[in-house]
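Colleague: Got a structure here, written out as structure tokens. Questions coming.
A short reminder: the numbers here are calculations on the coordinates, not readings from a lab. Everything numeric in this text was worked out from a predicted model, so none of it was measured. All Cβ positions, glycine included, derive from the backbone under ideal geometry; neighbour counts span all protein chains shown.
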Amino acid sequence: MAAKRKNTDATASATRLEALRKTPTGIKGLDALTLGGLPTGRPTLLCGAAGCGKTLFAMTFLINGSTEFGEPGVLMSFEERARDLETNVASLGYDVADLVQRKQLVIDHVYIERAEIEESGEYDLEGLFVRLGHAIDSIGAKRVVLDTIEALFSGLDDSAILRAELRRLFAWLKDKGVTAIITGERGDGQLTRYGIEEYVSDCVILLDNRVEEQVTTRRLRVVKYRGSSHGTNEYPFLIDEHGISVLPITSAELGHSVSQEAVPTGVSDLDDMLGIHGFFRGSSILVSGLAGTGKSTFASSFVNAACGRGERCLYFAFEESPDQIVRNMTSVGMNLSQHVERGLLEFQAARPSLYGFEMHLARMNRDIEEFAPQVIVVDPISAFRGPSFEIHSTLVRLADICKSKGITALFTSLSTSGEQMTESERSVSSLMDTWISLKDMEANGERNRVLYLLKSRGMNHSKQLREYQLTNHGIHMVDAYVGPDGVLTGTARIAQEAREREASLSRKQATERRRREVARKRTAVERQIAELRASLETEETEVETLIEQEETRELSIGSERSEMASIRGLRS
Amino acid sequence: MTDHNDSDLPEGQYKLRLFITGSTPRSTRAIENMRRICAENLEGRYDLEVVDVYQDPEATKDLQIIATPTLVKILPEPLRRIIGDLSDRERVLAGLDIAPLGKGDHE
């Protein structure tokens, strides 16, 4: 990147009269925000209070110069002895003694003991010039650090002479064409204790180490850069076993290209709920939920699936140790340790209170740069406590970093009870492309887990509340019962299902009963008809008998009458 | 810095180095002032070496020279540096731990 910058500078200088040349520091981030590095051939003032990391910063500039850019350097230390310096930077993994041996670095400790010195008459600092010049010439140094030159003021009385000599020294350094860093201790109301910023005015960088709510954050600001534009904000930087990194938070552009590719979530049922059967690659996903809703399990499922496809994942754990996560996930049937062993999964665990947000972000940024993952997990973002605008700006930047690199980022967030959004949720909700809300439904003396997609940008997605279960082979969704009383889950759902079965059974029975009743009625009616017919038949029979009897009587009466007449002699 | 092999110097001897920068007026003045002080106060018991840092830049490192001119009293111990053109005679003598002539007291 530094080389690229050099090239653009070179082409620019061809068109312009003379563009300012820059010397890369090799400190990640600093070169980006100064658009190439420190002004070549000019002195830069690096100031800050004690313990800000000035010496380490300057030392890194020299070591990177000789190891990465082929520019030998001279460190003139007015405070620490060469051996102490070597030990100090050895903790960052630098082998200074070797560089000295190979004539890539000269460390000259300037020892000033006030008690040994007596002043008598006029003097100048030519001795220092000769000494420095000799050191520079002996290895052809291109970089020089004077740390901390203001120590001269405590050793020598005549500050008028000193000031004149320092002015001459900086001019002399410019003539020598070396790129120099002059460190200075922060003073009251001015950048340095003795106001040497007056003489070193090409580039001024301020380091700061602030403690806010018991958390220390190192910050860097380019106060001034003559002849060049530069990032003007305060940028966090960190010093650890990897050296120094500055986090340039200038990535607030929204110009990143987006992917159409879907990344499976690791939970097939969840894939089905998302219109594209997964998350968009490079999108930001928030999984929020109460304690125990399985946020980490969702995150791990995602990671597990990604590693299974051979992708690289970085898992930032802020509440659990990596071992704990790995162990816990075996209970839901995930073997994360195999991915760790294959080098596809890396855990970065840190307590949120260890650093400020900025520092966390700086660390995460560095880890992302180094590991180059396709997927990251931040578990959970709610671990960050503090003013919401700070959380917001931190997460915006993290999301931006991920988006610009096409990394799919899954954030978990612990919700507080109820519908209320937590500070961190509120501040990031607008940043997230997909928001999965995990809920706890408490009823009938038990708690059940349901999930819904609060939003998922750029795709059609299920709007249904789904119950899910954490089983020993992963997360599974259950169709939630949606009835007139809302969503039923767990045993309530089972009970409701039973009730339904019962109801349908009784409906069936009722029909059966009615059918039987009708049949019975039919038989009854038929019987009635039969009875009526029978009685009719009886009546008919009776009537016929009567008629017969009548006829018989008629006959017998007739015969009797003729008999009677004959008897009476009427038969003549 | 003081661990030079000076065992050959008898007791009470002064081992002095004067660091100057070429032949600037200030350097010349410092040499003259020093010669006079030595002659008047340390007759016969001093070893003064004048070092031109332009000629021998490495020497600045060995004896921690930053200002010029600087007179370094290596022996007798403790080591002392007197910086300047040595025009303030009283202070030179005080720095060398020699009571100035004509006055009975130190300082």
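Colleague: For region B:13-99, take the alpha-carbon Rg, divide it by the Kirkwood Rh, and send me Rg/Rh.
Modeller: Radius of gyration relative to Kirkwood radius: 0.93.
Colleague: Roughly how large, in nm² to one decimal, is the mean projection of the convex hull of the alpha-carbon atoms in the protein assembly as shown?
Modeller: 57.1
Colleague: R0 = 41 Å: FRET efficiency of A:ASP137 with A:ASP188, Cβ-based, nearest 0.05?
Modeller: Given R0 = 41 Å and the Cβ-Cβ separation, E is 0.60.
Colleague: Shifting gears a bit: Set the bar at 24 Å for Cα to Cα. Now go through A:LYS103/A:LYS176; A:LYS103/A:LYS224; A:LYS28/A:LYS224; A:LYS28/A:LYS54; A:LYS22/A:LYS403; A:LYS295/A:LYS463 and name every pair that lies beyond it.
Modeller: Those over the limit are A:LYS103/A:LYS224; A:LYS22/A:LYS403.
Colleague: Just to confirm my numbers, what's the Cα centroid distance between region A:344-415 and region A:497-570 in Å?
Modeller: 97
Colleague: Once you have a ≥ b ≥ c as the square roots of the Cα gyration tensor eigenvalues for region A:16-246, tell me rounded if a/c is under 1.5, and otherwise prolate or oblate according to whether a/b is larger than b/c.
Modeller: rounded
Colleague: Which lysines, on any chain, are close to B:LYS73 with Cα under 24 Å apart, when same-chain ones fewer than 8 places away are left out?
Modeller: Those lysines meeting the cut-off are B:LYS15, B:LYS61, B:LYS103.
Colleague: Shifting gears a bit: For A:GLU517 and A:LEU92, calculate 0.36 nm times their separation in residues minus their Cα-Cα distance, and state this gained length in nm to one decimal.
Modeller: So the extension gain works out to 143.5 nm.
Colleague: While we're on this one: So what's the Cα pair-distance distribution over region A:262-488, bin width 5 Å, in %?
Modeller: Bin by bin from 0 Å, the calculated values are 1, 7, 15, 20, 21, 18, 11, 5, 2, 1, 0.
Colleague: Please list 3J(HN,Hα) in residue order for region A:439-455, calculated via the Karplus relation 6.51 cos²θ - 1.76 cosθ + 1.60 where θ = phi - 60°; whole Hz, with x for glycine and proline.
Modeller: So the J values, rounded to whole Hz, are 10, 10, 10, 10, 6, 6, x, 8, 10, 10, 9, 10, 9, 8, 8, 5, 7.
Colleague: So for A:HIS476, A:HIS230, A:HIS134, fewest C-beta neighbours within 10 Å to most, what's the order?
Modeller: A:HIS476, A:HIS230, A:HIS134
Colleague: Would you mind checking which residues have amide H under 5 Å from A:VAL145's amide H? H placed 1.01 Å from N; only 5 or more apart, or other chain.
Modeller: Amide H neighbours of A:VAL145, under 5 Å, 5+ apart: A:VAL74, A:LEU75, A:MET76, A:ILE181.
Colleague: Right, another one. Cross-link partners among lysines for A:LYS521, C-alpha distance below 24 Å, same-chain residues fewer than 8 apart left out?
Modeller: A:LYS508
Colleague: Is any residue of region A:282-322 close enough, with backbone N under 14 Å, to a label point placed 7 angstrom from the Cα of A:ARG457 along the Cα-Cβ axis, and if so, which?
Modeller: Answer for region A:282-322: A:282-286.
Colleague: For region A:223-331, which trypsin sites (Lys or Arg not before Pro) are in a loop by DSSP, counting at most 14 other Cβ atoms within 10 Å?
Modeller: Listed in order of number, the matching sites are A:ARG226, A:ARG309.
Colleague: Can you list the residues of region A:502-525 with backbone N under 17 Å from a point 7 Å past the Cα of A:GLU531, pointing along Cα to Cβ?
Modeller: Label zone hits: A:520-525.
Colleague: Place +1 on the Cβ of every Lys and Arg and -1 on the Cβ of every Asp and Glu in the protein assembly as shown, take the dipole about the Cα centre, and give the residue among A:GLY187, B:LEU96, A:PHE371 whose Cα lies farthest towards its positive end.
Modeller: Value: A:PHE371.
Colleague: Same structure again: Please compute the modelled spin-label separation between A:GLU369 and A:GLU497, points set 7 Å along Cα→Cβ, answer in nm with one decimal.
Modeller: If labels sit at A:GLU497 and A:GLU369, their model points lie 5.4 nm apart.
Colleague: Something else now. Just to check I understand the Karplus step: with θ = phi - 60° and J = 6.51 cos²θ - 1.76 cosθ + 1.60, what whole-Hz values come out for region A:174-189, glycine and proline as x?
Modeller: Going residue by residue, I get 4, 4, 5, x, 8, 8, 10, 10, 10, 8, x, 7, 5, x, 6, x Hz, with x marking Gly and Pro.
Colleague: May I pose another question? Using 7 Å Cα-to-Cβ label points, what is the A:SER404/A:HIS230 separation (nm, one decimal)?
Modeller: In this crude label model, A:SER404 to A:HIS230 measures out at 1.9 nm.
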